[in-house]
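This report refers to the structure that appears directly beneath it.
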């Protein structure tokens, strides 16, 4: 067929049409259901913070990890690929306190009751889910968003405590010391990943340079 100028659509239109075709034909669901459950391959994908927006860092790791379930699916395994949300930790607390206008941790328990704070936190933990779903669709990743787990769900937290108890009883848990960076504003230790999160962690600065034009 001879190419005719002006007939090609914009790339973004092809992208949307392909995603819509996958959804209409339930391509992902079929790739799971047509394989027997006794041939399951379980892949645990570390969940992103639900309070953050998708960016090149989170999407790069997401694309790389997507290669694993795709590989085992092509090998005939049933890979359900359940999505998850990390709803705990300093980024979540920072997000909620900014939304509520809390500038001092001592306001929790005085200006805001602990119960109100927790209830507000739970309600606000779904703020960016739609943006994530649309972005993950656009990069061509297949995951189960409807059955997504959240780390704040009671059954999830109880499963973590069960795993910890099992490890403790097996003698795998020990107490030690570790040097961590400390946030004086929030009065808590912070991990390296939390320090480099995109919530006000980066600042544009002008870097002065000196040039020697002699010689």
Selected residue (criterion: nearest to residue 103 (Cα to Cα)) from residues of the stretch 188-215 that are in contact with a helix residue (DSSP H, G or I) (Cβ under 7 Å, 6 or more places away or on another chain) and at pLDDT 75 or above: 188
Residue 149 in contact with a strand residue (DSSP E or B) (Cβ under 9 Å, 6 or more places away or on another chain), at pLDDT below 85 and not in a loop (DSSP other than H, G, I, E, B): no
Members of the stretch 31-72 that are touching a residue at least 24 places away in the same chain (Cβ under 8 Å), within 12 Å of residue 141 (Cβ to Cβ) and under 13 Å from the mean Cα position of the chain (by Cα): 45, 54, 59, 62, 63
Verdict on residue 79 being in contact (Cβ under 8 Å) with a residue 40 or more places away in the chain, surrounded by fewer than 17 Cβ atoms within 10 Å (Cβ to Cβ), in contact with a helix residue (DSSP H, G or I) (Cβ under 6 Å, 6 or more places away or on another chain) and closer than 25 Å to residue 149 by Cβ: no
Every pair of residues 6+ apart whose Cβ atoms lie under 9 Å, when the first sits in the stretch 163-174 and is surrounded by 10 or more Cβ atoms within 10 Å (Cβ to Cβ) while the second is part of a helix (DSSP H, G or I): 173/164; 173/167
Yes/no for residue 157 being modelled with pLDDT of 90 or more and surrounded by 11 or more Cβ atoms within 10 Å (Cβ to Cβ): yes
Matching residues in the stretch 93-128 - criterion: being assigned to a loop (DSSP other than H, G, I, E, B), out of contact with any helix residue (DSSP H, G or I) (no Cβ under 9 Å at 6 or more places or on another chain) and within 21 Å of residue 146 (Cβ to Cβ): 126, 128
Tally of residues being loosely packed, with under 13 Cβ neighbours inside 10 Å and over 22 Å from residue 184 (Cβ atoms) across the stretch 91-121: 5
Where residue 137 falls short, out of the listed (1) surrounded by 11 or more Cβ atoms within 10 Å (Cβ to Cβ); (2) at pLDDT 85 or above; (3) not in a helix (DSSP H, G or I): (3)
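The values are calculated or read from the model by the stated rules, or taken from the named source; none is laboratory data. Computed from a predicted model, the values in this text were never measured in an experiment. Don't worry about glycine lacking a Cβ; one is built from the backbone with ideal geometry, like all the others, and counts go over all protein chains shown.
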